[in-house]
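The values are calculated or read from the model by the stated rules, or taken from the named source; none is laboratory data. Bear in mind that the values here come from a model prediction, so they are computed numbers and not experimental data. Backbone-built Cβ (ideal geometry, glycine too); neighbour counts: all protein chains shown.
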Amino acid sequence: MNYFVTGATGFIGKFLLERLLQREGAKIHVLVRKSSRDKFDALCERYGAAGKQLVPVYGDITTPGLVSAADLKKLKGTIDHVFHLAAVYDMNMDDETGDRINNEGTRNLVNFANELGGNVRLHHVSSVAVAGGDWIGRFGEDMFDEGQRLGHPYFRTKFQSEQIVRQEAQVPFRIYRPGAVVGHSETGEMDKIDGPYYFFKSIQKISHSVPKWLPLLGVEGGRVPLAPVDYVTKAMDHIAHQDGLDGKCFCLIQSNSPTVGELLQTIFEAAHGPNFAKKFDIPPVPSQVKELSGRVAGAIPYDLKRRVSRAVGIPVSVVGYVSNQAIFDDKQARRALKGSGIQCPDIRDYADKLWAYWELHLDLNVKLPAGALQKLSGKVAVVTGASSGIGFVVAKKLAASGAKVILVARTLEKLEETQKIIEKMGGEAHCYPCDLNDMAAIDACAQKILTDFDHVDILVNNAGRSIRRAVFESLDRFHDFERTMQLNYFGAVRMILNFLPAMAKRRSGQIINISSIGVLANAARFSAYVASKAALDAFSRCLSAEVKHLNIEVTAIYMPLVRTPMIAPTKLYDYVPTWSPDKAGDTVIKAILDKPKSIATPLGTAAAISYALWPKLNDYILNKGFNLFPSSSAAKGRKEGAKPTLEQVVFANLFKGEYF
C-alpha cells in the first residue's frame, strides 16, 4: 500500500505515520520542504527500522503543483491514499496566513490528488471548527454549510478548506473532523500549548496556593469536543481502509464531551487541586452583541491581539469559546469503528497522563532572580535526584542561568529525558546515572565527573528517601532506618568527600544540603527520615567550620512539605498546605546566590526555638498532631483519600509545611 502524507512532521502526522507503518508493505511518501530535511530525519529516527519505509518528496503545499513535475510523474498511478494534514492550527492566526496555508495549500493538494489518477483516495483532516465559534445546538457529521458565522480566521479557513475538498476533488474523498486534539492517552505526549492546555498554568498556580479542602466556585460553560491524539489517528487509519465510506464526514471526539466545568474539575483533580463546590452557567451572549464584538475584534490590529494574548496567556478567541453552545455528534464515526475495538477514552481516565507530561515537558518558562545569569553562567553544578521533584526544578533553573548541570540519579532513561527537556530550553545538561545507595558507585560517578569537568563549583545534595511510619510500627523494620540512613546520610557524605579535595585546591566551592523542617520541628512518625537528615546536618555544621578558610560554603535548607512524587503515596497530603516544587527550586537558587548558613521557614525557626525553650510543651503539641493524623487511612476506618476533618484542617494550617 502506497501513501502520500502532508503535515507528517506535525503532531497528528507523527502518530498517523506510526499507524500506517504497521500495515504490511506500507510505503509512505512524505511531503517535506527542503529546509525541513532535519525534521524528516527525526521522523525516520523516531520509527527505528520502520523509518526506512518513509520516502521524502520535496515540495510545499503553498506552491502550485506541490512537487516537481519529475516527482509527480513518478508518483502518478502509484498512490493509494493521500492524507492531507498540513494546516495552521493556531487560534492567534491572521487572515493572510490562513488563506495561504489552509485554503490555497488545500487547493494545491486537491489539484495534486486529481493529477495522480489511478485509484487514489483523498483523506482531508478538517475540524469541528467548521461549525464556527457560536453555533447553538447539534452540529452533525451530515451538516456543513448551515449559514454559520465564521468571523475568526481559523474557523473561516477550516470551513473554506473543507469546502474546497467537497467542490474541487475529482477523486473519492473522506473528511475527518477532530475536536481539540490533546496528548496521547497512555503517555501524555503533546507538542505544544493548545486548547485546554492554555488553562494548565493557572490551574497549577491555584493548586499550589489553594488547599484541596477549600471548595471553589466555577463555571459550567459549554461542551468541549476533545480527543487524545492516539484515538484520532487510530480512527483515521481504520476508517481510511474501510470500503463504502467515500464522501462521508467523521467527527472524532469523545462522544459524551465534558462541559468546561467538568473538564476543569478533571484537570484540577489530576493536579491534586481543590474541587468546585458549585458551577454556574454562563448565559448565552445575544447574537447582536456577538456581531458587534466581532466587528470590534476585527478592527483590532493583529499584532495588538497577539500582545494581549501573550499578556493573559490565552488567545482571546479561546476565552470566548468557554460559552460554546454547539454539541457535536459522532454517530458516523462510531458506526465506522464498530467491531474494531477503537473508541475514544474518557478524559477522566487519562487526564493525569496529560498533566504529568505537561509539567515535565511543556512547562518550560523558568523565572530567575536578578543576578543569576551573571553569577552562575559557566559554573559546574551537580544535582542529585535530578530526574524529578525539587531536583528536576533546580536543574532547570540552573541550566536557565547558564550553568553546566550534571544530572545524577539512578535511572539513565529518566536522566536523558530531563537532559532533553533542558536542551529544549537552550540549556546544557549531562547525565551521570548512579545508585546513591552504593558507595562504590558514588565514588566511580564522582571521579568520572571530575575527569570530565576537572572540578565542581556547586553540589546540591537533593536525593532522598522519606518513610512515614511510627516507631512502634517499625519494631520489626530496622531495615527502614538502615536504608534511609544509607541514602540520606552516607550517600550525601560520600558525594561531598569525593568533591571536597578539588574544591579545596581551587579554594572555591559550595555545598547545598536539602534538609527538612522535621529536623527543626522533630516531626513525629518520621524518626528514620529526620534522624538521617539530622545526621547530615550535624556533619555539615562540623565541616563548615573546617573549610571556612578555604572559601567553601555549606548551606542547609530546611524544606517544608513540598508537593513532589516523594509525598504522593500519602493521600492526606493532598489536603494540607505544601510548597510547590517551583517555590522550593527558587529557594535553592537563592541559597546558591546568597550563600547563607541555612534557610528555614518561620515555622521551622519557631519550632527550633520552642523546642530549646519549652521541650515538654513541644512534645505535647506534637503528640496532639501524632494522634490527630493516623499512620494510614485505614487506621481509623476512613476511606483512602477521604477529606480531612475540620480539626485536622485547622491543625494543618496552624503548622503549615510540617510533616504529619
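Key figures for this structure:
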{"quantity": "Scan of the range 41-66 for residues that are crowded, with 17+ Cβ neighbours inside 10 Å and more than 16 Å from Leu20 (Cα to Cα), ordered by number", "calculated": "Val57, Gly59, Asp60, Ile61, Leu66"}
{"quantity": "Matching option when the condition is modelled with pLDDT under 90 and surrounded by 13 or more Cβ atoms within 10 Å (Cβ to Cβ), among Ser255, Ser293", "calculated": "Ser293"}
{"quantity": "Selection status of Asp191, in a loop (DSSP other than H, G, I, E, B) and without any contact (Cβ under 8 Å) to a residue 60 or more places away in the chain", "calculated": "no"}
{"quantity": "Condition check for Gln447: surrounded by fewer than 15 Cβ atoms within 10 Å (Cβ to Cβ) and in a helix (DSSP H, G or I)", "calculated": "yes"}
{"quantity": "Unique match (being in a loop (DSSP other than H, G, I, E, B), among the aromatic types (Phe, Trp, Tyr) and in contact (Cβ under 8 Å) with a residue 24 or more places away in the chain) among Phe144, Phe159", "calculated": "Phe144"}
{"quantity": "Counted residues, the range 82-101 - those being more than 31 Å from the chain's Cα centre (by Cα) and either surrounded by 22 or more Cβ atoms within 10 Å (Cβ to Cβ) or of a type in the set (Lys, Arg) (or both)", "calculated": "2"}
{"quantity": "Answer from Gly77, Gly118 - the residue that is free of Cβ contacts under 8 Å to residues at least 60 places away in the same chain, assigned to a loop (DSSP other than H, G, I, E, B), in contact with a helix residue (DSSP H, G or I) (Cβ under 9 Å, 6 or more places away or on another chain) and surrounded by fewer than 19 Cβ atoms within 10 Å (Cβ to Cβ)", "calculated": "Gly77"}
{"quantity": "Filtered residue count, the range 194-242, keeping only those that are in a loop (DSSP other than H, G, I, E, B) and at pLDDT below 95", "calculated": "12"}
{"quantity": "Any hit, the range 437-447, residues being under 24 Å from Ala556 (Cα atoms), among the β-branched types (Val, Ile, Thr) and assigned by TED's automatic domain parsing to the domain that holds Asn627", "calculated": "no"}
{"quantity": "Subset tally (residues that are free of Cβ contacts under 8 Å to residues at least 40 places away in the same chain, within 22 Å of the chain's Cα centre (by Cα) and in a helix (DSSP H, G or I)) for the range 402-440", "calculated": "10"}
{"quantity": "Subset of the range 340-376 [modelled with pLDDT of 95 or more and not in a helix (DSSP H, G or I)]", "calculated": "Ser340, Gly341, Ile342, Gln343, Cys344, Pro345, Asp346, Tyr350"}
{"quantity": "Test: residue in the range 153-168 that is among the acidic types (Asp, Glu), in the same structural domain as Ala69 (by TED's automatic domain parsing) and touching a Phe, Trp or Tyr at 6+ places or on another chain (Cβ under 9 Å)", "calculated": "yes"}
{"quantity": "Filter result for Ala386 (part of a helix (DSSP H, G or I), outside the structural domain of Asn462 (by TED's automatic domain parsing) and surrounded by 15 or more Cβ atoms within 10 Å (Cβ to Cβ))", "calculated": "no"}
{"quantity": "Odd one out for Val181, checked against (1) within 19 Å of Ile253 (Cβ to Cβ); (2) under 26 Å from the mean Cα position of the chain (by Cα); (3) in a loop (DSSP other than H, G, I, E, B)", "calculated": "(3)"}
